[in-house]
Structure formats: C-alpha cells, structure tokens
Amino acid sequence: MISADYKRTSVYSGTEKTEPKFMFVWLCDQLEALGVLPTRLLDVGCASGDFLQYAQQRYPAAHCEGLEYDVELVQLARQRTANLAVHQGDANHMTSVPDNTFDAVFLTGVHSIFDDFRPSFSECVRVAKSGGVVLITGLFNDYPLDARIQWRYAEHFEAPWHPGYNLFSKQSVGAFLQGVQGVKHFSFEKFALPFDLPPQTDPVRSWTEPGADGQRTLRNGIMPLPLELLMIQVAKKEDAHGE
C-alpha cells in the first residue's frame, strides 16, 4: 500500500498543456483498436485532469469521470475540468464507485507507487462494465522478478524515501489476472515515444536514450523504465456464465 501523506501535487500542478500528450492519443487509439467507443469512462489517478480533458474532447458524447487521491490535485482538476466529475478516493478501495459502471477504465502511471498491484487492478476490473476494457499503463518486468524500489535525492540523507518505481513482473500479473472473476482476456503492448525526450533538471523525470536496435529507451536517474500497456477485456455476463 502507500502512506496516507503521499503527494504528487508538485509533479502535476504546472501549466496546462496546449496539446495532448502523445500517450493520451496513443491510449485512445488502443482503446478504439479493441472496438470500444466509450459511453462512460473513468480515469483512476487522474491527477490534475489532463487526460480527462482530452478524453472528453475525443469522446464528446461520453460521460467522463476521474478519481484522485491527492486532495490538492482533486481541487485543481475540478477547476480545470469544471464540467466533469472528479472524486477524491483511493485506487485500492474505490468505495464510492459501483460495480459494472464504466466501459473504459484507465489507470495510467499509478500502480508502481503501490507495494501490491492486486487491489488496484481488482478494483478497476470490478468497476468496469460487462464487456468493457481496463487499460493499465506503467512499469512491467519481462523477467520473472518483482522489485520494491524506493528513492531519495542524494543530498537529502534524512528525507523520507519515496515510492513510485516498484516493478512487477508480467508473470506475477498474469498469474493473478487468471484468477480474477470477470477477466476474459489480457495482453501487453510495449510503449515507445516516436520522438526524443531530453533530460530535465530533475533527475527523477524521464528522458529517452537511443537503443542498439534503433528504438528509444525511456529512463530516469533511477532505472530504465519498461513502460507497457496492460489491456484487460472484461467478460460479458453471458461469457462469464459460460453461455
């Protein structure tokens, strides 16, 4: 789990972007490739609401909602997305969200802050509609190893350790999902930026480096970042009952 005082405010409270992030466009492309044009969409860990804004523009007929843990980011998201519903809540215990509600559920860059991915994944599947899709973007290890990773800035020896880059293996995730009721199918898709991302002053922010195969490798000052999309298709009720 994660401590009650965990905050991401400084990362997501900067100036609003005039253009959507490449990942936002890519995620919605992946959703549509699965044959889903959402009528109800939930962004879990919506931060300041940037993706919600893009999703509403792309799917103007859809009902879009966000869930965010950081109270200050909830307030900021409500200011930026005044016509959308943004709730304060925990991705691991979405008690305010009913079962079988959204045909598209997004969890982007969130699960690696948790010591255990299973509660948030289970909750995303629970709130997804019958026949819906859950799209989870984050760090997944090709090798059969899970790792809990903490970090701090070098000059702050007495500062608390930060989470954010825990690494869960595809093997662990797959074994778990095979036992989750309602999961019909799941697959992984590697994410790669089609442009260079330069290093920033803050070494925990990510950048790209050229790989031997010509592909750009994403990393930060801690580790290479094996960023992938986990696509979970939720069974229709008739499928779940074997009909």
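What follows is calculated from the coordinates using simple rules that are stated; it is not laboratory data. Quantities reported herein were computed from a predicted structural model and do not represent experimental measurements. Backbone-built Cβ (ideal geometry, glycine too); neighbour counts: all protein chains shown.
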Residues whose built amide H sits under 5 Å from the amide H of Lys184, excluding neighbours closer than 5 in sequence, are Gln233, Val234, Ala235
Along the stretch 137-148, Karplus-curve 3J(HN,Hα) (6.51, -1.76, 1.60; θ = phi - 60°) to the nearest Hz, with x for Gly and Pro, reads 10, x, 8, 9, 8, 5, 8, x, 9, 10, 9, 9
Quick note on Thr39, Thr137, ordering by fewest other C-beta atoms within 10 Å, gives Thr39, Thr137
Convex hull around the C-alpha positions of the stretch 19-240: the volume in Å³ per residue is 141 Å³
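Net charge near Asn220, counting Lys/Arg +1 and Asp/Glu -1 over other residues with Cβ under 10 Å of its Cβ?
Working: positive: Arg205, Arg219; negative: Asp202.
Computed value for this residue: +1.
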For the stretch 165-173, in residue order, the Karplus 3J(HN,Hα) values (coefficients 6.51, -1.76, 1.60; θ = phi - 60°; whole Hz; Gly and Pro = x) are 10, 4, 10, 10, 7, 4, 5, 5, 4
GNM of the chain, Cα pairs under 10 angstrom: of Phe22, Phe157, Phe186, the biggest fluctuation goes to Phe157
Excluding residues fewer than 8 positions from Lys170 in its own chain, the aspartates and glutamates with Cα under 20 Å of it are Asp115, Asp116, Glu123, Asp142, Asp146, Glu189, Glu228
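Which of rounded, prolate or oblate describes the stretch 102-141 when judged by the alpha-carbon gyration tensor and an a/c cut-off of 1.5? Mind dumping the intermediate values first?
Details: a/c = 2.72, a/b = 1.80, b/c = 1.51.
Prolate.
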For Trp161, Trp26, ascending order of other Cβ atoms within 10 Å (fewest first) is Trp161, Trp26
Fewest-first ordering of His87, His185 by Cβ atoms within 10 Å yields His185, His87
Distance in Å, no decimals, from the C-alpha centre of the stretch 18-41 to the one of the stretch 97-120 is 17 Å
The long-range amide H neighbours of Leu41, using H built 1.01 Å from N in the peptide plane and a cut-off of under 5 Å, are His63, Cys64, Glu65
Distance in Å, no decimals, from the C-alpha centre of the stretch 174-236 to the one of the stretch 133-156 is 10 Å
If the label point sits 7 Å along Cα→Cβ of Lys190, residues of the stretch 200-224 with amide N under 17 Å come out as 208-220, 224
